[in-house]
Structures are given as C-alpha cells and as structure tokens.
Amino acid sequence: MAPERLVGLLAEHRRLRVFAAVVLGAQTPTEVMERTGFTLRDVMDALRRLSDGGLVSAAPPLVAHVEAFAESARTAAAARPVAEALDPDRTRAAVLRTFLVDGRLVSIPAARSKRRVVLEHIVAAFEPGVRYPEREVDAILRAWHPDHAALRRYLVDESLLAREAGMYWRIGGPVPVAAVP
C-alpha cells in the first residue's frame, strides 16, 4: 500500500480510533462503538472506508491488517532515491549526512572535528582566488544556516576564509583538481 494512501486512511480521527479499537481486539461494530464512544453510523462509515482501503476485514469478526504498515514502509523505501554521497570518505560523509538536510545545515556541530568537516564542505561554495564583500559572504552563508555570522566567524577561525577591510577570500579547504588528459 502506498504510504500516502495509508496516511490518508488514518488521517481522519474517527477512522484512526476505529482502527485502533479493532487492533486492540474489538471484533464487532458494537464493540468498536463501546470502545470509541462513536455512534453506530460513524463506526460503520469508518469501517467501510477502512475495509475499502484494505486495513480492516469488515465481516465480523473484524480483523485489522497491520501488515499494511510494513508493506507501506517497503514501498516508501523502494521509492526513495539513493542519496548521493556528500564526500568520498565514508566517515566525513556520515558527519555531513547528520548535519546537512536538503542542502541546509540543521545545526552547527559542537565538536570541533565534526564542525571542521562541515565547514570544509561549506567553504567549497567560495571560489579560490575571488574576493567577496561581507554582504555577499553573508548571503552565501545564509543559504546554509540562519546564523551566518557564526559560520563566517568559524570559517575565519579555522583558516578557511581570510578577511581584511570588509573583504573575504578563501584560503583553505579541499579544492577539487581536474584530471589532466
């Protein structure tokens, strides 16, 4: 079952509570009604929708098809694109996966070694040999994290960027080298 369909079936609170009652052992619509406090009409409507969606066998005794969750998880996992490694080194890639989500820094690592890995990744946004005014540096860093001033400070402290008179330039971090044919 597609995850969207599963979530859709259980998104309405009555259907969710009716499904929960069946999972917890209610075998008839009357038992579901007693456990949920819903009217028989609401219970029957929810059971019909859950049955049509494949989550409940509607004929008493009611049976919840909880295996639909595992099936849904497998479907979602198969549909998920394989994430591109952010770094060829597995250890560094693991650090980057932890702190970068959808191309944004979710938090600045407290551990210096992990922060260095993240900063080396971020500094690649700056072209070596190009001087950037502070406003442009802030705009680039703001795309990574709201606290752009802290990032800028860390990049300077870690000798990845240098600054003088309001201008910044890249002085550290890995630089990809093109293979010579």
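Any read-out appearing in this document is the output of simple, stated calculations on the displayed coordinates, not a laboratory observation. Because the structure is a prediction, the values reported are computed rather than measured. As a convention, Cβ positions derive from the backbone with ideal geometry for all residues, glycine included, and neighbour counts pool all protein chains shown.
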Quiz item: Distance from the Cα centre of the range 106-147 to that of the range 1-64, in angstrom?
Solution: 51
Practice problem: Rank Leu105, Ala150, His65 by how far each Cα sits towards the positive end of the charge dipole of the range 57-181 (+1 on Lys, Arg Cβ; -1 on Asp, Glu Cβ) and give me just the farthest. | Solution: Ala150
Practice problem: Give, as ranges by residue number, the residues of the range 121-146 whose backbone N falls under 20 Å from the point 7 Å along Cα→Cβ of Ala165. | Solution: 129-138
Quiz item: In nm, to one decimal, how far is the modelled label at Asp147 from the one at Val63, with both set 7 Å along Cα→Cβ?
Solution: 5.5
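How large is the dipole of the chain about the Cα centre if only Lys and Arg carry +1 and Asp and Glu carry -1, each at its Cβ, rounded to the nearest 20 debye? Before the final figure, lay out each step's value.
On the way: 25 positive and 22 negative charges, 52 e Å.
Computed about the Cα centre, the dipole is about 240 debye.
Could you give the length gained by full extension between Glu127 and Val106, i.e. 0.36 nm per residue of separation minus their alpha carbon distance, to one decimal place?
Values: separation 21, 0.36 × 21 = 7.56 nm, distance 2.37 nm.
The Glu127-Val106 span can extend by a further 5.2 nm.
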Quiz item: Calculated from the structure, P(r) over Cα pairs in 10 Å bins from 0, in percent equals which of (i) 9, 26, 28, 20, 12, 5, 0; (ii) 9, 25, 16, 11, 15, 14, 9, 2; (iii) 9, 32, 31, 14, 8, 4, 1, 0?
Solution: (ii)
Quiz item: What is the extension gain from Val7 to Ala73, computed as 0.36 nm multiplied by their sequence separation minus the C-alpha to C-alpha distance, in nm to one decimal?
Solution: 22.6 nm
Quiz item: Say each of Asp52 and Thr28 gets a label point 7 Å from the Cα, pointing the same way as Cα to Cβ; how far apart are those two points in nm?
Solution: 2.6
